[in-house]
Amino acid sequence: MSAPVQSRGARPRLGFLGVGWIGRHRMRALISSETVEVAAIADTAPENAAAAGALVPQARQVATLDELLALDLDGVVIATPSAGHAEQAIRILDRGVAVFCQKPLAISALETKQVVAAARRANRALSVDFSYRFTDGMQKIHQLVRSGELGEIYAADLVFHNAYGPDKAWFFDRQLSGGGCLMDLGSHLVDLALWLFDFPHVCSVTSALYSKGVQLHRVAGAVEDFAVASYRLASGQLVRVACSWNLPAGRDAVIEASFYGTAGGASFRNVEGSFYDFAAERFRGTSREPLAAPPDDWGGRAAIAWAREIADGGGFNPRAERLVDVAQALEAAYRQAREPGLHGKPA
């Protein structure tokens, strides 16, 4: 029997597990939304805990997840190294507490299924920080696609090239990260494409992953810093995803998502290499018209949407099942790249 959901209208009491840069950013967004009460903070790095404590002096500082779970919390925001996400999320959900997690939710499709099953069992809200869905530009493109104004969409091209690499060693350890740039950056792109097309079945995958210019299956123990994957969807679209770390692209970042249909196209792109500023356009033949432009304070919207679900008394949302689709699509790309002769299909 699942636990009862929170009373409608109450401000959720949240704990934060991991308050590095991304954890503190999401904390600021949630505080600004006036939707939640930040009740507790846990981080093994004293400097992170101190910086977060300065934002919310009233929040209780604890050392471990066990201490967080001993408090009367409605939700926990997880922003820890990837390898711990699944185990931490399941423990939190099994205590009847909702979870908002940085991507990836888990480092395998099997683990992802286990977390989703725990959320369903507990009847608690589960969400992952796939934040680009919540940008103004992608919301406008989503509306265009769903309305049919672009006709039948048959192709999508999504790119995330980061001129820099991660600054933490665990990103380069496959056992801790689950993968390299495809897991880190490509997960956003795969989620965007599947979300835009309402999560159709993935029929097949072809992929190529490289580490410092050498195909990944030839480099023992490495994670990829360049990846390309093509997905053929049951709804007819061909989706190409490309991402990288440390690519000499002539700017800080190249972030784009373009969609082409029988009656037009649309594109979402970062502005002048920015990681934060995006514009979106609609294409009609060789002409274009603007859909969205900066400024757009989008970074915390996924977390705020999750918090509002809790505040409104919502329990498990079946949309969380789609997290498994993203994990399976990523896993298929890794499997196919490790065995280049394999015709990739999701598990």
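FYI, it's all coordinate maths here, none of it is from the lab. This is a predicted model, so every value here is computed, not measured. Methodologically, a virtual Cβ is constructed for each residue, glycine included, from the backbone with ideal geometry; neighbour enumeration extends over all protein chains shown.
Could you tell me what percent of the DSSP beta bridges with both partners in the chain are antiparallel, to the nearest 5? Mind dumping the intermediate values first?
Values: 44 of 71 bridges.
Expressed as a percentage, antiparallel bridges in the chain total about 60.
How big is the dipole moment of the chain about its Cα centre under a simple scheme where the beta carbon of each Lys and Arg is +1, that of each Asp and Glu is -1, and everything else is neutral? Debye, nearest 20, please.
Details: 35 positive and 37 negative charges, 113 e Å.
Here the size comes out at about 540 debye.
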inquiry  = Highest mean first, how do 104-116, 213-225, 38-50 rank when packing is the count of other Cβ atoms within 10 Å averaged over residues?
reply    = 104-116, 38-50, 213-225
Restricting the stretch 247-283 to GluC sites (Glu not before Pro) in coil, as DSSP defines it, with at most 11 other Cβ within 10 Å = 272
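Please label the shape of the chain as rounded, prolate or oblate, based on the square roots a ≥ b ≥ c of the eigenvalues of the alpha-carbon gyration tensor (a/c under 1.5 means rounded; beyond that, a/b larger than b/c means prolate, else oblate).
On the way: a/c = 1.57, a/b = 1.37, b/c = 1.15.
It comes out prolate by the Cα gyration axes.
May I ask you to compute the full-extension gain from residue 163 to residue 117, defined as 0.36 nm times their residue separation minus their alpha-carbon distance, rounded to one decimal in nm? Could you put the intermediate results ahead of the total?
Details: separation 46, 0.36 × 46 = 16.56 nm, distance 3.72 nm.
In short, 12.8 nm is gained.
So what's the back-of-envelope 222 nm ellipticity for the chain, counting only DSSP H runs of four-plus at -39500 (n - 2.57) apiece and dividing by all residues, rounded to 500?
Details: 10 runs with 106 residues, N = 347.
Taking each H run of at least 4 residues, the total per residue is -9000 deg cm²/dmol.
Could you work out how much longer the chain between residue 252 and residue 147 gets when fully extended? Use 0.36 nm per residue separation minus the Cα distance between them, nm to one decimal.
Values: separation 105, 0.36 × 105 = 37.80 nm, distance 3.42 nm.
Full extension from residue 252 to residue 147 adds 34.4 nm.
Once you have a ≥ b ≥ c as the square roots of the Cα gyration tensor eigenvalues for the stretch 53-182, tell me rounded if a/c is under 1.5, and otherwise prolate or oblate according to whether a/b is larger than b/c. Mind showing how you got there, number by number?
Values: a/c = 1.82, a/b = 1.52, b/c = 1.20.
It comes out prolate by the Cα gyration axes.
Looking only at the stretch 132-296, where both bridge partners belong to it, what percent of the DSSP beta bridges are antiparallel (to the nearest 5)?
Details: 43 of 51 bridges.
Counting only bridges with both partners in the stretch 132-296, antiparallel ones make up about 85 percent.
Pop the C-beta distance of residue 50 and residue 269 into the FRET formula with R0 = 25 Å and round what comes out to the nearest 0.05.
Numbers: r = 38 Å, r/R0 = 1.50.
Approximately 0.10, to the nearest 0.05.
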inquiry  = Largest first and in whole Å, what are the equivalent-ellipsoid semi-axes of the stretch 125-270 based on the Cα gyration tensor, each being the root of 5 times an eigenvalue?
reply    = 28, 16, 15
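Below 12 angstrom from the Cβ of residue 158, what's the summed charge of the other residues (Lys, Arg +1; Asp, Glu -1)? Present the calculation step by step, with values, prior to reporting the outcome.
On the way: positive: 240, 269; negative: 157, 191, 256.
With Lys, Arg at +1 and Asp, Glu at -1, the neighbours total -1.
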task = Return the FRET efficiency for the residue pair residue 262, residue 297: r is the Cβ-Cβ distance, R0 is 41 Å, and the value is rounded to the nearest 0.05.
result = 0.75
